[in-house]
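Data first, discussion second: the structure below is written as structure tokens.
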Amino acid sequence: MRAALESDQSASVPRPRAFPDWRTLAQLIRLSNQSGTLLLALPIFWALLLASEGHPPFKLIAVFLAGSFLMRSAGVVINDVADRSFDRQVARTKSRPLASGALTVPEALLAATFLILLAAGLLVFVSRLTLLLSPVAFLLAASYPFSKRVLHLPQAMLGISFGWGVVMSWAAVRDSLDLPCWLLFASTVLWALAYDTIYALQDREDDARIGVKSSTILFGPLTWAAVAVAMGGMLTLLGLTGWVARLGPAFYATLALVGWFAWRQVRQLRGPVSSVQAFTLFKQHIWIGWAILAGIWAGLVW
């Protein structure tokens, strides 16, 4: 009897929670899927390459690549904290660590703080102007996850957040903010609006059911047209960037190729699109980013 009582008492005492294992933390920051990091970093590389006229300092490449990884990782953690109640209601996201209960909110916030502090440490390697611009980057990263509660176009907020990396990287090279910098910034905003709208197609029905605002819900059956306009605007702004920076014809040939590829995507979006197809179309934008980077380099040479 006494042994049974002691056993019952020991079972009722809560055991201290073990520190999250690396697999849970890796899942939290989407370590196995770095599409978001690349989509953040590629426009930054456009700016570094163009601002340095084809010779970006290796130090800045390393700093902004590391910063892209750290800030994107911190961003998805903050996003999961903000969306944990929504994520539990969506089939694609209900297994995320916070939604499933594998991780607590304080643990996630501790991880985000650590990542942001590491990113802040990189600022010792950049110019004073870049340092002054950095608080805006942190503010945008923290505010984007909450924008879908207020804005019907939260994808635009993501674009502004990602585009600010262009502004910071341009400032790191030139220590000034010239017209091509702002043209690249605007083109990045429109690009993110396009590819994140495609990404949101995966959850359109769930988002409508639980009340999350999204461009796919806003535009409805005209989502394909919204993507077409965003991509057209992006390519137009990139063309203006090339004209101001006096890039060669190879750059415009690349834009034509990207435009053809975007047109093919829009044609697919006019019909029914499954979640798998939407994610595939989204990931293809990484290749668009690489193509534009190659086009800028080619335009500087030829």
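Below are the figures for this structure:
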| read-out | value |
| --- | --- |
| Selection count where residues are in contact with a Lys or Arg (Cβ under 8 Å, 6 or more places away or on another chain), of a type outside the set (S, T, N, Q) and closer than 25 Å to residue 21 by Cβ, scope the stretch 101-154 | 1 |
| Matching option when the condition is within 19 Å of residue 278 (Cβ to Cβ) and surrounded by fewer than 17 Cβ atoms within 10 Å (Cβ to Cβ), among 198, 210 | 210 |
| Among (1) of a type outside the set (Asp, Glu); (2) modelled with pLDDT of 95 or more; (3) crowded, with 22+ Cβ neighbours inside 10 Å; (4) closer than 26 Å to residue 93 by Cα, the one test that residue 172 misses | (4) |
| Residue 76 being assigned to a helix (DSSP H, G or I), within 21 Å of residue 39 (Cβ to Cβ) and at pLDDT 95 or above | no |
| Residue tally, condition surrounded by fewer than 19 Cβ atoms within 10 Å (Cβ to Cβ), touching a Phe, Trp or Tyr at 6+ places or on another chain (Cβ under 7 Å) and not hydrophobic (A, V, I, L, M, F, W, C), over the stretch 274-302 | 0 |
| Among (1) in contact (Cβ under 8 Å) with a residue 40 or more places away in the chain; (2) surrounded by 20 or more Cβ atoms within 10 Å (Cβ to Cβ); (3) small (Gly, Ala, Ser), the one test that residue 159 misses | (1) |
| Cross-chain or 6+ apart pairs with Cβ under 7 Å, the stretch 213-227 first and at pLDDT 95 or above, then surrounded by fewer than 16 Cβ atoms within 10 Å (Cβ to Cβ) | 224/270 |
| Candidate set: the stretch 13-29, residues that are loosely packed, with under 10 Cβ neighbours inside 10 Å and not charged (D, E, K, R); chosen: the one modelled with the highest pLDDT | 22 |
| Looking only at the stretch 70-81, and only at residues there that are of a type in the set (A, V, I, L, M, F, W, C) and crowded, with 23+ Cβ neighbours inside 10 Å, the one that is farthest from residue 294 (Cα to Cα) | 77 |
| Residue 67 being at pLDDT below 95, crowded, with 20+ Cβ neighbours inside 10 Å and either of a type in the set (Ser, Thr, Tyr) or assigned to a helix (DSSP H, G or I) (or both) | no |
| Failed item in (1) in contact with a Leu (Cβ under 9 Å, 6 or more places away or on another chain); (2) part of a helix (DSSP H, G or I); (3) over 30 Å from residue 243 (Cβ atoms), with residue 152 passing the rest | (2) |
| Tally, over the stretch 198-209, of residues that are in contact with a Leu (Cβ under 9 Å, 6 or more places away or on another chain) and not aliphatic (A, V, I, L, M) | 1 |
| Residues satisfying the stated conditions in the stretch 88-106, i.e. surrounded by fewer than 19 Cβ atoms within 10 Å (Cβ to Cβ) and assigned to a helix (DSSP H, G or I) | 100, 105, 106 |
| Those residues of the stretch 127-159 which are over 19 Å from residue 182 (Cβ atoms) and of a type in the set (Val, Ile, Thr), in sequence order | 150 |
| Flag if residue 197 is in a helix (DSSP H, G or I) and touching a Ser or Thr at 6+ places or on another chain (Cβ under 7 Å) | yes |
| Which listed residue, of 122, 132, is at pLDDT 95 or above, surrounded by fewer than 19 Cβ atoms within 10 Å (Cβ to Cβ), aliphatic (A, V, I, L, M) and more than 21 Å from the chain's Cα centre (by Cα) | 132 |
| Among the candidates 140, 129, residue that is over 30 Å from residue 217 (Cα atoms) and part of a helix (DSSP H, G or I) | 129 |
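The values are calculated or read from the model by the stated rules, or taken from the named source; none is laboratory data. Being a predicted model, the structure only gives us computed values, none of them experimental. Note that each Cβ is placed from the backbone with ideal geometry, even for glycine, and that neighbours are counted across all protein chains shown.
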